[in-house]
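Input: a single structure, listed below in C-alpha cells.
What follows is calculated from the coordinates using simple rules that are stated; it is not laboratory data. Quick caveat, the model's predicted, so the values are computed rather than measured. Backbone-built Cβ (ideal geometry, glycine too); neighbour counts: all protein chains shown.
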Amino acid sequence: MENHSDATIHKPVLTSEVLQNLQVFAGGFYIDCTLGDGGHTKAILDLGGFVLGIDKDPEAITHSRKRLDSYGERFDSVQGSFSSLIEMSGSSLFPRIDGILFDLGFSSRQIEEGGRGFSFKSNDPLDMRFDPGIGLKAADFVNQADEQQLTYVLKTYGEESWARSIAKNIVRERPFNTSLQLASMVGRVIKRRRGMKIHPATKTFQALRIHVNDEMTVLESGLKQAISLLSQGGRLAVISYHSLEDRIAKNTISQESKNCLCPPQILQCVCNHQATVKKITRKPIVPSEIEIRENPRSRSARLRVAERK
Ligand SMILES: C[S@@+](CC[C@H](N)C(=O)[O-])C[C@H]1O[C@@H](n2cnc3c(N)ncnc32)[C@H](O)[C@@H]1O
C-alpha cells in the first residue's frame, strides 16, 4: 500500500508517455534503470508487467521496496549503477526484455530529505554521491582540485559562463564543507541579475553532481548495454533533464540507428556497423502545460525512444 502521508515522494514525469512508448503490456518484462521512489515502475506493475528496478542509491532501494512490496514476485530490485547493467540484469530470471527505462538525474526525495548536499537551499554536508559508499565526495573535489580542474568541471558539466570566477573564489575561500556555504559564495560571485530565473548556484551544483557521479561516462555505457539487452521489438525510453544528457541520448540512438558510421568522404563502408535500433522519436517528447503546472520539476524533461531491431 502506498503511504500518502509521504510529502517528499517523487512524482514521476511523463508517465503516460513512457507507458505508451514502452508499449507496456500485462506479462511483459521491463528494467527500470533509475528506480528512485518507484513511480514509473509502479505504473508498469499496475498494467501487469514484471519489473527489475535498479538504483545506485541504497535509500531509493529501501523506499521503493517498501512501497512496491505488495506486487510480490512481479517486482524485484537491485542496488548498483546502470554502468553494470548487463551484469545486474542477470539477477532477474526474465526470459526476454520488452522495455528499458532511464529517468535520469536525482529524485525529489534525494533533494528534499537526502541530507547529502544536492540542494543549495539546505545546509547539508557537501557530498552529492548517489551511492554514499563509493567515490569522492563533492567536498573532496572542491577542496582539493586546482583552479583549472574546477573551471573545466563547472564549464563542461554546468555550462557555467562564470566558471573561472567561481573556481578562483573556491580556491581563495576553501575549505567548503556544506552546501549552503558553497551556494552563498556562488551567489556573491554571480549577483542575481534581473530576470534570472534560476538560483545562481544551480549550474555549479549540477556540474559538481555530474562530476562526482561520473554521470556522462556511465550514461553512454548504460544506454549501449540497454540496447544490447533488449529483445527484438523491445523499446528503450530515456528521460533527460538537461542538454548534456539529452545530447548523449540523442547521439547514442542516432548512431545505433545507422548502418554505417564511416566519415562521409569514405565511399565504401569499412566499419561494417549494423543498425541495432530504429528511432521512434525524431524530436523528443516534452511534458504538457498541465503536467508542468502540476509538477514544475518536469519542465525540462525530454523523452527519447528507440526500438530494438
Ligand atoms: C529522477 S530519479 C528517478 C525517479 C523514478 N523514475 C520515480 O518515478 O520515482 C533518478 C534516480 O536515478 C538514480 N541514479 C542516478 N544515476 C544512476 C546510475 N548510474 N545507476 C543507477 N541509478 C542511478 C538516482 O539515485 C535517482 O534515484
Requested in this report: Quickly work out the ASN177-to-SER122 label distance, labels modelled 7 Å from Cα along the C-beta direction, and quote it in nm with one decimal.
Outcome: 1.9 nm
Query - Given charges at beta-carbon only (K, R positive; D, E negative), |dipole| of the range 162-256 in Debye - result: 840 debye
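Using a simple charge model, +1 on the beta-carbon of Lys and Arg, -1 on the beta-carbon of Asp and Glu, nothing else, what dipole does the range 131-212 show about its Cα centre, in debye to the nearest 20?
580 debye
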Query raised in the report: Want the number for ARG188 to ARG247: 0.36 nm per residue separation, take away the alpha-carbon distance, what's left?
Result: 18.1 nm
Query raised in the report: Per-residue HN-Hα couplings for the range 42-49, Karplus 6.51 cos²θ - 1.76 cosθ + 1.60 at θ = phi - 60°, whole Hz, x for Gly and Pro?
Result: 4, 5, 5, 4, 5, 8, x, x
Report summary line: Partnerless cysteines (no other Cys beta carbon under 4.7 Å) identified across the chain are CYS33, CYS262, CYS271
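Where nothing but the Cβ of Lys and Arg (+1) and of Asp and Glu (-1) is charged, how large is the charge dipole of the chain around its Cα centre, in debye to the nearest 20? Write out the running numbers ahead of the final one.
Numbers: 42 positive and 36 negative charges, 281 e Å.
With only Lys, Arg, Asp and Glu charged at Cβ, the dipole is about 1360 debye.
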Requested in this report: List the lysines whose Cα lies under 17 Å from the Cα of LYS42, skipping any in the same chain that are fewer than 8 positions away.
Outcome: LYS11, LYS66
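Give me the extension gain from SER16 to ASP140: residue separation times 0.36 nm, minus the current Cα-Cα distance, reported in nm with one decimal. Please list the in-between numbers first.
On the way: separation 124, 0.36 × 124 = 44.64 nm, distance 4.05 nm.
Going from the current span to full extension adds 40.6 nm.
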